[in-house]
1. Hey, can you tell me all the residues within segment 262-287 that are farther than 30 Å from Gln78 by Cα and in contact with a strand residue (DSSP E or B) (Cβ under 9 Å, 6 or more places away or on another chain)?
2. Taking the options Glu114, Glu140, name whichever one is among the charged types (D, E, K, R), on the phi < 0 side of the Ramachandran plot and more than 39 Å from the chain's Cα centre (by Cα).
3. Can you find, within segment 240-253, the residue that is surrounded by the fewest Cβ atoms within 10 Å (Cβ to Cβ) among those that are within 24 Å of the chain's Cα centre (by Cα) and farther than 14 Å from Leu171 by Cβ?
4. From the residues in segment 158-171 that are assigned to a helix (DSSP H, G or I) and buried (at least 17 other Cβ atoms within 10 Å of the Cβ), which one is nearest to the chain's Cα centre (by Cα)?
5. Here is a list: Arg151, Arg103. Which entry is over 48 Å from the mean Cα position of the chain (by Cα) and among the basic types (Lys, Arg)?
6. Taking Arg70, is it of a type outside the set (Val, Ile, Thr) and at pLDDT 90 or above?
7. Pick from Ala289, Ala256, Ala203, Ala271: which is within 24 Å of the chain's Cα centre (by Cα) and either in contact (Cβ under 8 Å) with a residue 24 or more places away in the chain or surrounded by 19 or more Cβ atoms within 10 Å (Cβ to Cβ) (or both)?
8. Within segment 177-202, work out how many residues are out of contact with any Phe, Trp or Tyr (no Cβ under 9 Å at 6 or more places or on another chain) and more than 11 Å from Ala226 (Cα to Cα).
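The values are calculated or read from the model by the stated rules, or taken from the named source; none is laboratory data. Not measured: the values here are computed from a predicted model. So basically every Cβ, Gly included, is an ideal-geometry build from the backbone, and we count neighbours across all protein chains shown.
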Amino acid sequence: MPGILPAMDDRFAKGGTVGALTVSELNRQARQLLERGFATVQVEGELSNLARPASGHLYFTLKDSSAQIRCAYFRQRQRGPTIRLADGDQVLATGRVSIYEARGDYQLIVEQLEPAGEGELRRRFEALKKKLAAEGLFDEAIKQPLPALPRCIGVITSPAGAAIRDILSILKRRFPAIPVIIYPSAVQGAAAVPELLAALDSAVRRDECDVLIIGRGGGSLEDLWAFNDEGLARALHACPIPVVSAVGHEVDFTIADFVADLRAPTPSGAAEQVVPDQAAWQRSLQALAERLNAHIGRRLEARQQQLDWLAKRLAQGSRRQRSPASPNGLPTSVCASPPACATASRLAGNTANDCRRGCGARHRPPASSARVTAAPHWPHSSGARPAGALRCSSTGSRWLYAHCTRSARSPRSNAAMRSSAPAKVVACCATQQWSNPVTMCALAFRAARYSRP
């Protein structure tokens with residue numbers, strides 16, 4: 001092999017014999033020859049003599065009907081679960097040919113190991129992935145957001161698998177108030193795809209859930225192949241309910257993961273992503289309640305202060321408000337009703353002095369011979385004018401005052417009061433239909449405070 005091992009060519013050039021190679025040199029040059037002469041290769045065979053030392057490396061033999069080769073699968077190269085490997089499995093090993101110099105063993109350094117049938121499945125997976133990606137089924141822009149707090153959660157998986165137990169355990173711990181509906185389906189084998197499609201269709205038709213979880217536990221590519229079906233991928237893309245894919249372990253990828261609205265690394269991870277943390281929500285609601293109570297308290301206090309201020313203003317205004325045309329503070333609007341309306345209203349003791357006929361006006365006495373007014377000043381034994389001093393016109397006013405005040409101390413008879421009353425006072429009383437002078441005096445006392453001078 002000229003040009004590949006120049007040192008060996010020099011040693012044996014022209015048929016001469018130069019110093020012999022050591023074992024180490026031979027093994028090293030043989031290793032270099034193999035590694036340079038062979039690119040990465042794929043070898044299919046039956047696995048045997050499998051060894052699992054504490055270091056985590058795997059050592060085994062690949063064989064067929066007539067030959068065998070030693071293989072080493074180092075821990076740092078291992079991807080995915082390897083616990084399923086067993087003697088007698090048909091596997092496809094990808095790696096490079098080398099020699100273990102210490103023993104001179106010819107071996108295959110494995111970089112990837114998978115069941116023998118997965119080579120074809122992997123090629124089909126990549127072809128379908130490329131096709132659906134070109135159609136836009138994986139675009140992030142068309143994916144639906146998950147609800148912040150779903151009313152109900154649907155799970156499409158096997159009711160007897162470990163995945164459903166993990167999902168229910170996480171949901172119960174994080175937010176037990178949300179109900180869960182299980183749509184049972186096979187997740188492996190020939191019946192898996194039809195049952196998955198039927199469960200998804202049932203969830204859409206019943207429209208009971210706000211979010212769906214579809215998934216299963218880990219496994220080989222062949223075990224997970226139902227979730228790489230093109231029909232299932234298109235059904236997930238058309239589903240109006242947000243879907244979370246939770247198939248296998250974190251290192252496992254399926255077509256369903258790319259089509260779903262959200263991919264979770266495991267079924268437990270899916271459960272954590274579809275519901276919030278109940279304790280965090282309770283803390284948030286408590287903080288909001290405290291803020292609301294504080295805000296309401298501040299508003300009520302401000303309104304109370306405003307109400308107190310308006311009440312004070314109203315009280316001050318009512319004391320200062322007096323009509324400029326009325327020295328005693330009475331309003332000056334005149335009732336449009338006949339004089340009898342105002343007179344009858346006053347004499348009936350209506351303290352508001354409003355019209356009994358509903359005109360709504362405040363009254364001042366009409367100008368007439370029977371006008372009742374309050375006397376501005378009258379002599380009295382105590383030196384002050386009593387509140388009930390009235391006069392009926394100007395004639396006989398002192399008589400009316402004297403008899404009204406005297407009747408309060410020692411009432412006289414009606415006949416005596418009539419006989420001693422001046423003619424104009426009697427005529428005034430007759431005009432107002434005051435048949436009883438004592439009654440006249442009582443009514444006069446009651447109306448005095450509201451009569452205009």
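1. Selection gives Val274, Val275.
2. None of the other options fit; the residue is Glu114.
3. Per the stated criteria, the residue is Pro240.
4. Looking at the filtered set, the residue picked out is Leu171.
5. Just a single option satisfies the conditions, and that option is Arg103.
6. Values: of a type outside the set (Val, Ile, Thr): yes; at pLDDT 90 or above: yes.
Answer is yes for this residue.
7. Testing whether each residue is within 24 Å of the chain's Cα centre (by Cα) and either in contact (Cβ under 8 Å) with a residue 24 or more places away in the chain or surrounded by 19 or more Cβ atoms within 10 Å (Cβ to Cβ) (or both) leaves just Ala271.
8. So the answer is 10.
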